[in-house]
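Participant: Sharing a structure with you now.
What follows draws every value from the coordinates through simple rules; no lab data is involved. Computed from a predicted model, the values in this text were never measured in an experiment. All Cβ positions, even for glycine, are placed from backbone atoms using ideal geometry, and neighbour counts span all protein chains on display.
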Amino acid sequence: MEVLTDNLDDFASGLWVTTRLVGAAFLVAVVLGTLVAALRVSESRPLRTLGGLYVETFRNVPLLVLLFITFPGLRRGGVDINAWTAGIVALGLYTSAYVAEVLRSGVAAVSRGQREAGLSLGFGQVAVLRRIVLPQAFRTVIGPLGSITIAMIKNSAIVGASIVALDDVLKEARVVNSATFQTTEAFFWAAVCYLLLTLTATAAFRGLEARYAIRR
Amino acid sequence: MQPKRPIALLWLCVLVLVLGACGGDDEEQGGGGASATPAADVERFPASTTMGRIQAKKEITIGVKYDVPPFGFKNPSSNAIEGFDVDFGKAVAAKLGVKPRFVEAISDNRIPFIMDGTVDLVLSTMTINPERAEEIGFTDPYFIAKGRILQKKDGGITGVDSLAGKKVCTALGSTYEETLKEQAPDAKLTLVDTYSECLESIQNGSVDAVSTDDVILTGMIIQDDSLELVDGEELTTEPYGGGFKKGDREFGEFLNGVLDEYETGGAWAKAYEKWLGQYTGERQEPPTETLSEVLEAAA
């Protein structure tokens, strides 16, 4: 317990860094994931291929490798990117591929009749997607999106452990560990910090599910 | 219907090509050891001692750095583990008549490695200090390094006082984490796992300076001569000691005996010239302090 109380500042600042990191990365992931899902279900074959390429790229490159590409790689290429931007972008891009796949499956679960009805009522392709199909798709994928979000919160630990070296929960726990040598305690409290975030996310998604999910 | 399959195939092709290019990187641990076969004239130790246990398994596991030339590094062309620390490790193994097996021990995991028995001995540019001496046993110092600052040439840093607001890289779990927090409280620390990450970070400009032992920084300058050491007084002196399980007095005495012989017999000076002297042009005598003197000075 002293490990926590003596180093409360470290754990708190780590938790704040991780919270901002996952918050920003979540926004990136949802926005990009939705756009890519729209490409994946579009009528145009080249657009579908483009979406597929995006998903396969970011889903098949390990996050750690992606971090090395976006940070030292871009910097050496002359892009003046800082650690924060690199961390958010890499975690967001990586997660967006999963978001896109889940949304695509959600869209596939909306029956064809919905789309056809929309089209025959005079809605355009984009309007059908935005007003009829995607809202219904979102309702079916709230559960899987919650899982992805929890996975993302845990994956954020890789950002601090990599060369991007943000001072996140895991990093602060390791700093505490290197000062106190209380390995088990330091990482136990890191786990509790992550649990706080994941339980918050779980509660948020439960709330969304209770409100919007389709009951069958 | 799904455009997925051709893409997957494409990726598979890329993967196969890349794997083809990466092949043949066979792991070779230790390597190049003249001391591989147990000699007949080595002293046999009782089985109850750590030395006897090591002799029974015919192998001593030594944690070293893999990325800190000239102390411990993996030679990129031969894959052998080499360096000043590695040479001393081979001397210890030779004295026991066993094969040295080198494993990577980074600053952050080397003490847990000792405590949980993953390694018998750690020789990884580890500074002796009282906090660590609470957790593990140390040999007498086998090298004295000095804490310095590395920057890009004409980087504008003139000493530890001018680090305020600058991004400074050092290894998580190293003594510099504390030293920098004390001596440059307004510097922004970037804490990474390995010094090669610090080198990458100063090269790509995401940090302004690297601070650690002079000899490690010298290794970076050997790799990249656009870097320089900041002149001025050293931040700290860092006596390196070998680490082993706390309370194992016999093993500690044995290691100090090997070290004495290593230093007086001229092997230390030879290793110094081979790994440091020929690059820095400087000369240094083996350290004469004992462990207790070092710990008293630090307390």
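Participant: Under 1.5 on a/c is rounded, so check that first for chain A, then, if it is not, pick prolate when a/b is larger than b/c and oblate when it is not; a ≥ b ≥ c are the square roots of the alpha carbon gyration tensor eigenvalues.
Facilitator: Details: a/c = 3.45, a/b = 1.74, b/c = 1.98.
Verdict is oblate for chain A.
Participant: So who's got an amide H within less than 5 Å of the one on B:Glu59, skipping anything under 5 residues away but keeping other chains? H placed 1.01 Å off N, in plane.
Facilitator: Those lying under 5 Å, H to H, from B:Glu59 are B:Lys99.
Participant: With point charges of +1 on the Cβ of Lys and Arg and -1 on the Cβ of Asp and Glu, referenced to the Cα centre of the stretch A:18-166, which listed residue (A:Gly33, A:Gly143, A:Val99) lies farthest in the positive direction of the dipole?
Facilitator: With unit charges placed on the Cβ atoms, the residue in question is A:Gly143.
Participant: Quick one: putting +1 on the C-beta of Lys and Arg, -1 on the C-beta of Asp and Glu, what dipole do you get for the stretch B:188-253 around its Cα centre, in Debye to the nearest 20? Let's see the in-between values first.
Facilitator: Details: 4 positive and 16 negative charges, 80 e Å.
With Lys and Arg at +1 and Asp and Glu at -1, about 380 debye.
Participant: Amide H of B:Gly137 versus every other amide H placed in the peptide plane: which residues, excluding those fewer than 5 positions away on the same chain, fall under 5 Å?
Facilitator: Under 5 Å from the amide H of B:Gly137: B:Phe244, B:Lys245, B:Lys246, B:Gly247.
Participant: Please list 3J(HN,Hα) in residue order for the stretch B:59-69, calculated via the Karplus relation 6.51 cos²θ - 1.76 cosθ + 1.60 where θ = phi - 60°; whole Hz, with x for glycine and proline.
Facilitator: Working through the residues one at a time gives 7, 10, 8, 10, x, 10, 6, 9, 9, 10, x Hz.
Participant: Something else now. Computed FRET efficiency, Cβ-Cβ of A:Leu199 and B:Lys58, R0 35 Å: what is it to the nearest 0.05? Each step should come with its number before you reach the end.
Facilitator: Working: r = 51 Å, r/R0 = 1.46.
It comes to 0.10.
Participant: Here's something else I'd like to know. Divide by every residue of chain A the summed helix terms, -39500 (n - 2.57) for each DSSP H run of at least 4, and state the resulting mean residue ellipticity at 222 nm, rounded to the nearest 500 deg cm²/dmol. Show your work: numbers first, answer last.
Facilitator: Values: 9 runs with 166 residues, N = 216.
Calculated from helices alone, the mean residue ellipticity at 222 nm is -26000 deg cm²/dmol.
Participant: Ignore the peptide's own chain and count Cβ atoms of other chains within 10 Å of each Cβ in B:234-242; give me the average, rounded. Each step should come with its number before you reach the end.
Facilitator: Working: counts 0, 0, 0, 0, 0, 0, 0, 0, 0.
The shielding value for this peptide is 0.
Participant: Distance check, please: which entries in B:Lys57/B:Lys95; B:Lys90/B:Lys274; A:Lys171/B:Lys166; B:Lys99/B:Lys270; A:Lys171/B:Lys153; B:Lys74/B:Lys181 exceed 25 angstrom between their Cα atoms? If you can, show how the numbers build up before the last one.
Facilitator: Values: B:Lys57/B:Lys95 15 Å; B:Lys90/B:Lys274 15 Å; A:Lys171/B:Lys166 20 Å; B:Lys99/B:Lys270 22 Å; A:Lys171/B:Lys153 30 Å; B:Lys74/B:Lys181 31 Å.
With Cα atoms farther than 25 Å apart: A:Lys171/B:Lys153; B:Lys74/B:Lys181.
Participant: So who's got an amide H within less than 5 Å of the one on B:Thr190, skipping anything under 5 residues away but keeping other chains? H placed 1.01 Å off N, in plane.
Facilitator: It is B:Val168, B:Cys169, B:Thr170, by chain and number.
Participant: Further, regarding this structure: Treat the count of other C-beta atoms within 10 Å as a stand-in for reagent exposure and order B:Asp120, A:Asp9 from fewest to most. Intermediate results must be reported in sequence, preceding the final value.
Facilitator: Working: B:Asp120 27, A:Asp9 9.
Lowest count first: A:Asp9, B:Asp120.
Participant: Provide a whole-number value for the mean count of partner chain Cβ atoms within 10 Å of the Cβ atoms in peptide A:162-169. Working shown, then result.
Facilitator: Numbers: counts 3, 12, 5, 12, 1, 4, 0, 0.
Whole-number average of other-chain Cβ neighbours for A:162-169 is 5.
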